[in-house]
Amino acid sequence: MGGVSFPQKIRIFDTTLRDGEQTPGVSLTPEEKLMIAKQLDKLGVDIIEAGFPATSKGENEAIKLIANENLKSEICALSRTIKSDIDAVINCDVKNIHLFIATSDIHLKYKLEMTKEQVLENALEAIDYSKAHGLTIEFSAEDATRTDIDFLKKFYGTICKAGVDRINVPDTVGIMTPKKFYELILELKKVVDKPISVHCHNDFGMAVANSLAGIEAGATQVHVTINGLGERAGNAALEEVVVSLELLYGYKTNIKTNLIYETSKLVSQLTGIYVQPNKAIVGENAFSHESGIHTHGIIKNPLTYEPIPPEFVGRKRILVPGKHAGKHGLKAMLKEYGIYPSEDQIKEILIKVKELGDKGKRVTEEDLINIARIIVGETAEKRKILKLKELAVVTGNKITPTSSIKIVFKDKQYAASEIGVGPVDAAIKAIQKVIDPIIKVHLKEYRLEAISGGSDSLAEVIIKVEDSNGNIASARAIHEDIVMASVEAMINGINKLLFKKGGI
Ligand code: KIV
Ligand code: ZN
């Protein structure tokens, strides 16, 4: 990398609301887009690409809402080099335009049916028009990485002279390798005297590596999406690019990295696109340790197996009981629940956990605690700090679903009623209300699975709850009644949180 100087800060251009929304099956309402924009602003992205106004009326409404929200992030919108597209951007009250036109022979021949000269002329007209309206311009040569290099250099050189503020180099179909992209950016720097941005797609799983290579070559801005959402295999993931820049390269960004996880969760919830468990940084398993060797190392010093401190991205370390577990890991997990087995007892617990694992069962924390309690000699009943006494649910046509609940906590009865959008919602809200004076519980995740077929099938409910100190517990319950399965799972989860708090 001789001769390349690194900038102090890399600008983060977030396109979750534009390229990310082009993820197949994703369509956000204006209100949902605004919620995400506010979170991106809180996260600290430098610029938010709020959408593509030419797409639809709803898209216009969303972009306008975002543009008028007075966010700290700059707001930008995408536009073809067409006057009506540019007008649509202006009408959305957006001051930054992201203009694009394809430049590769393939796109020119089969999509645009235009010559290279026409494409350049078209781009120049759009630049003039945008400048005349006071817009800040970022310009992308779509499919840049499959464009004839001489034409690409001519194109970018000419538009820089015409007054664009920034150029963006899209690897539209993700065919770059880090080395090729690095060299391409170096080559373009010979003719470009404006800041360079990179935009990489993940078709070969190299979007992040290529983006970083582009930055190594001198790009000072990078296009990213939360959770790597985007067309086909997606775009470079914000979380992976930012954490790599900060921890591997020593660059700075304006991102508040401790808000990465909550942002990922919000985007996943609103788009309905689940994050794979082993996804870097934001996947459920990214900070979980199962094997005995690893958990032992982690307990002694997290540096042994944790290249990223979980708190850096707003997460917590999780030790998972499983067939690869070891004594030290299990001891550390049980300590959290106030269970201190002797050396002999922990050996016995370990054997039982491994037996379950060998049978192909996913061993949960709840399983581990059950095993430990039995071996340490306490009965299951005794450890139920909170018990359900009565539950009633009323639902039906033209009736607001309502639930009344009675619980027993430390020999005292508590009762509450709540309404909800459905019987499960009403019952869960009633539990949260009744337990509120004792512990504030937030339902983080809820999953319902049918175990067998038919209307009499068993339902399994898996939940994750969090208390106000950020302690998280997962729990599950099985019942033929969905409401009861949900309520029992909640009670189990709350009991775990109460144990973590030391039974209060
Ligand atoms: O991938 C791409 O080429 C794009 C352009 C609109 C910049 O998203
Ligand atoms: Zn793209």
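Name the residue, out of Leu350, Leu388, that is at pLDDT 85 or above and closer than 28 Å to Asp481 by Cα. Please lay out each step first, then the result.
Details: Leu350 fails: closer than 28 Å to Asp481 by Cα.
From the options Leu350, Leu388, the qualifying one is Leu388.
Can you name the residue in region 264-289 that is out of contact with any helix residue (DSSP H, G or I) (no Cβ under 8 Å at 6 or more places or on another chain) and part of a loop (DSSP other than H, G, I, E, B) and, of all such residues, is least open to solvent (accessible area, probe 1.4 Å)? Walk me through it before giving the result.
In the first step, residues of region 264-289 are kept if they are out of contact with any helix residue (DSSP H, G or I) (no Cβ under 8 Å at 6 or more places or on another chain); the result is 265, 269, 272, 276-278, 283-286, 288.
From what's left, part of a loop (DSSP other than H, G, I, E, B): 272, 276-278, 283-286.
Working: Gly272: 43, Gln276: 105, Pro277: 70, Asn278: 113, Gly283: 0, Glu284: 51, Asn285: 87, Ala286: 41 Å².
Result: Gly283.
Which ones in region 132-141 are surrounded by fewer than 16 Cβ atoms within 10 Å (Cβ to Cβ) and either part of a helix (DSSP H, G or I) or in contact with a Lys or Arg (Cβ under 9 Å, 6 or more places away or on another chain) (or both)?
Here is the first cut: in region 132-141, the residues surrounded by fewer than 16 Cβ atoms within 10 Å (Cβ to Cβ) are 132-134.
Correct list: Ala132, Gly134.
Within region 201-230, count every residue that is within 12 Å of ligand 2 (Cβ to nearest atom) and touching a residue at least 60 places away in the same chain (Cβ under 8 Å).
Within region 201-230, residues that are within 12 Å of ligand 2 (Cβ to nearest atom) and touching a residue at least 60 places away in the same chain (Cβ under 8 Å) number 5.
Scan (1) more than 16 Å from ligand 1 (Cβ to nearest atom); (2) part of a helix (DSSP H, G or I); (3) at pLDDT 95 or above for the single condition Gly58 breaks and write down its number.
Gly58 satisfies all of (1) more than 16 Å from ligand 1 (Cβ to nearest atom); (2) part of a helix (DSSP H, G or I); (3) at pLDDT 95 or above except (3).
In this structure, is Val393 more than 26 Å from Gly420 (Cα to Cα) and β-branched (Val, Ile, Thr)? Write out each step before concluding.
On the way: more than 26 Å from Gly420 (Cα to Cα): no; β-branched (Val, Ile, Thr): yes.
When the stated conditions are applied, Val393 does not pass them.
Limited to region 365-376, what total is found for residues that are open to solvent by less than 20 Å² (accessible area, probe 1.4 Å) and farther than 17 Å from Ile463 by Cβ?
Of the residues in region 365-376, the ones open to solvent by less than 20 Å² (accessible area, probe 1.4 Å) are 368-369, 372-373.
Within this subset, residues satisfying the condition of being farther than 17 Å from Ile463 by Cβ are 368, 372-373.
Within region 365-376, residues that are open to solvent by less than 20 Å² (accessible area, probe 1.4 Å) and farther than 17 Å from Ile463 by Cβ number 3.
Just to be sure before I move on: is Thr15 over 26 Å from Pro195 (Cβ atoms) and within 13 Å of ligand 1 (Cβ to nearest atom) in the structure I sent?
Values: over 26 Å from Pro195 (Cβ atoms): no; within 13 Å of ligand 1 (Cβ to nearest atom): yes.
When the stated conditions are applied, Thr15 does not pass them.
Here is a check on your reading of the model: is Ile86 farther than 25 Å from Asn202 by Cα, away from ligand 2 (no atom under 16 Å from the Cβ) and either in contact (Cβ under 8 Å) with a residue 40 or more places away in the chain or not aliphatic (A, V, I, L, M) (or both)?
Numbers: farther than 25 Å from Asn202 by Cα: yes; away from ligand 2 (no atom under 16 Å from the Cβ): yes; either in contact (Cβ under 8 Å) with a residue 40 or more places away in the chain or not aliphatic (A, V, I, L, M) (or both): yes.
Yes: the conditions hold for Ile86.
Could you give me the residue pairs with C-beta distances under 6 Å whose first residue belongs to region 99-128 and is free of Cβ contacts under 8 Å to residues at least 24 places away in the same chain, whose second residue is assigned to a loop (DSSP other than H, G, I, E, B) and open to solvent by 30 Å² or more (accessible area, probe 1.4 Å) wherever it lies, and which are 6+ apart or on separate chains?
Sorted first by the residue in region 99-128, then by its partner, the pairs are Leu108/Met114.
Just for region 160-176: of the residues that are in contact with a helix residue (DSSP H, G or I) (Cβ under 9 Å, 6 or more places away or on another chain) and within 18 Å of Gly218 (Cβ to Cβ), which one is farthest from ligand 1 (Cβ to nearest atom)? Walk me through how you get there before you give the answer.
To start, the set of residues in region 160-176 that are in contact with a helix residue (DSSP H, G or I) (Cβ under 9 Å, 6 or more places away or on another chain) comprises 162-164, 167-176.
Still in the running and within 18 Å of Gly218 (Cβ to Cβ): 164, 167-171, 176.
Values: Val164: 14, Ile167: 11, Asn168: 6, Val169: 9, Pro170: 3, Asp171: 7, Met176: 12 Å.
Applying the filter and picking the extreme gives Val164.
The rows are residues; the columns are (1) surrounded by fewer than 17 Cβ atoms within 10 Å (Cβ to Cβ); (2) among the hydroxyl-bearing types (Ser, Thr, Tyr); (3) assigned to a loop (DSSP other than H, G, I, E, B).
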residue	(1), (2), (3)
Glu306	yes, no, yes
Glu311	yes, no, no
Pro321	no, no, yes
Gly329	no, no, no
Pro341	no, no, yes
Ile346	no, no, no
Val353	no, no, no
Leu356	no, no, no
Val363	no, no, yes
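Being of a type outside the set (D, E, K, R), within 16 Å of ligand 2 (Cβ to nearest atom) and open to solvent by 20 Å² or more (accessible area, probe 1.4 Å) is the filter here, so list the residues in region 146-177 that pass it. Talk me through it step by step, then tell me what you get.
Initial filter on region 146-177 (of a type outside the set (D, E, K, R)): 147, 149, 151-152, 155-160, 162-164, 167-170, 172-177.
Of the ones still in play, those that are also within 16 Å of ligand 2 (Cβ to nearest atom) are 147, 167-170, 172-176.
Those that are of a type outside the set (D, E, K, R), within 16 Å of ligand 2 (Cβ to nearest atom) and open to solvent by 20 Å² or more (accessible area, probe 1.4 Å): Thr172, Val173, Ile175.
Could you tell me whether region 254-263 includes any residue that is among the aromatic types (Phe, Trp, Tyr), over 21 Å from Phe287 (Cα atoms), in contact (Cβ under 8 Å) with a residue 24 or more places away in the chain and open to solvent by 10 Å² or more (accessible area, probe 1.4 Å)? Before you say what the answer is, go through the steps one by one.
Here is the first cut: in region 254-263, the ones among the aromatic types (Phe, Trp, Tyr) are 261.
Going one step further and asking which of them are over 21 Å from Phe287 (Cα atoms), we end up with none.
No: region 254-263 contains no residue that is among the aromatic types (Phe, Trp, Tyr), over 21 Å from Phe287 (Cα atoms), in contact (Cβ under 8 Å) with a residue 24 or more places away in the chain and open to solvent by 10 Å² or more (accessible area, probe 1.4 Å).
How many residues are open to solvent by less than 10 Å² (accessible area, probe 1.4 Å) and within 16 Å of ligand 2 (Cβ to nearest atom) when one looks only at region 231-253?
Total meeting the criteria: 6.
Among what's in region 193-225 and is crowded, with 23+ Cβ neighbours inside 10 Å and more than 16 Å from ligand 1 (Cβ to nearest atom), pick the residue that is farthest from Leu43 (Cα to Cα).
Ala213
Report, by residue number, each residue of region 107-131 that is open to solvent by 50 Å² or more (accessible area, probe 1.4 Å) and within 16 Å of ligand 2 (Cβ to nearest atom).
Within region 107-131, the first condition is being open to solvent by 50 Å² or more (accessible area, probe 1.4 Å), and the residues that meet it are 109-113, 115-118, 121, 124-125, 128-129, 131.
If the condition is that a residue be open to solvent by 50 Å² or more (accessible area, probe 1.4 Å) and within 16 Å of ligand 2 (Cβ to nearest atom), then Lys111 is the only one that fits.
The values are calculated or read from the model by the stated rules, or taken from the named source; none is laboratory data. Keep in mind the model is a prediction, meaning the values are calculated, not measured. Quick reminder, even Gly has a Cβ in these numbers, built from the backbone with ideal geometry, and neighbours come from all protein chains shown. Accessible surface is based on the protein model in full, side chains and every heavy atom, while ligands, DNA and RNA are left aside. Shrake-Rupley method; radii C 1.70, N 1.55, O 1.52, S 1.80 Å.
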